[in-house]
Amino acid sequence: NAFSKNPARTWLTIQQALQPYYVKKGKNIRYHLELIEEIMDKFSFEDFNDKPLEERYPLGYASQRRELYKKKIEEETEV
């Protein structure tokens with residue numbers, strides 16, 4: 001709920017809260033960091049703001065989650 005109302009501020013809060021876990025996980029966190037960077041790279045500078053998200057943002061969120069699950073399943077079947 002906070003993210004949908006203040007996305008940029010909430011994103012910063014999440015990034016700051018994750019820092020201790022990055023340190024704790026060490027090399028094992030690389031995959032997740034790359035995913036986060038890939039997502040951030042998709043934002044244009046102008047779109048990264050604190051304007052509330054539109055009502056259809058859950059569609060994009062669900063699509064992203066599905067893609068992550070799909071990648072994970074593909075990786076597991078390759079092993």
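The values are calculated or read from the model by the stated rules, or taken from the named source; none is laboratory data. Since this is a predicted model, take the numbers as computed values, not measurements. Cβ sites come from the backbone with ideal geometry, for glycine too, and all protein chains shown count toward neighbours. Heavy atoms of the whole protein, side chains included, go into the accessibility calculation; ligands, DNA and RNA do not. Shrake-Rupley method; radii C 1.70, N 1.55, O 1.52, S 1.80 Å.
Worth pointing out:
- Count - residues of the stretch 40-51 that are farther than 19 Å from T13 by Cβ and open to solvent by less than 90 Å² (accessible area, probe 1.4 Å): 1
- Which numbered condition W11 misses (of (1) open to solvent by 70 Å² or more (accessible area, probe 1.4 Å); (2) out of contact with any Pro (no Cβ under 7 Å at 6 or more places or on another chain); (3) at pLDDT 85 or above; (4) of a type outside the set (A, V, I, L, M)): (1)
- Sole exception among (1) loosely packed, with under 11 Cβ neighbours inside 10 Å; (2) in contact with a helix residue (DSSP H, G or I) (Cβ under 6 Å, 6 or more places away or on another chain) for E67, by number: (2)
- Among the residues of the stretch 52-79, those that are part of a loop (DSSP other than H, G, I, E, B) and either farther than 18 Å from W11 by Cα or free of Cβ contacts under 8 Å to residues at least 12 places away in the same chain (or both) comprise E54, E55, R56, V79.
- Scanning the stretch 14-39 for residues that are under 13 Å from the mean Cα position of the chain (by Cα) and either of a type in the set (A, V, I, L, M, F, W, C) or loosely packed, with under 13 Cβ neighbours inside 10 Å (or both) gives I14, Q15, L18, Y31, L33, E34, L35, I36, E37, E38, I39.
- Residue among K42, K5, K25 that alone is closer than 24 Å to K72 by Cα and modelled with pLDDT of 85 or more: K42
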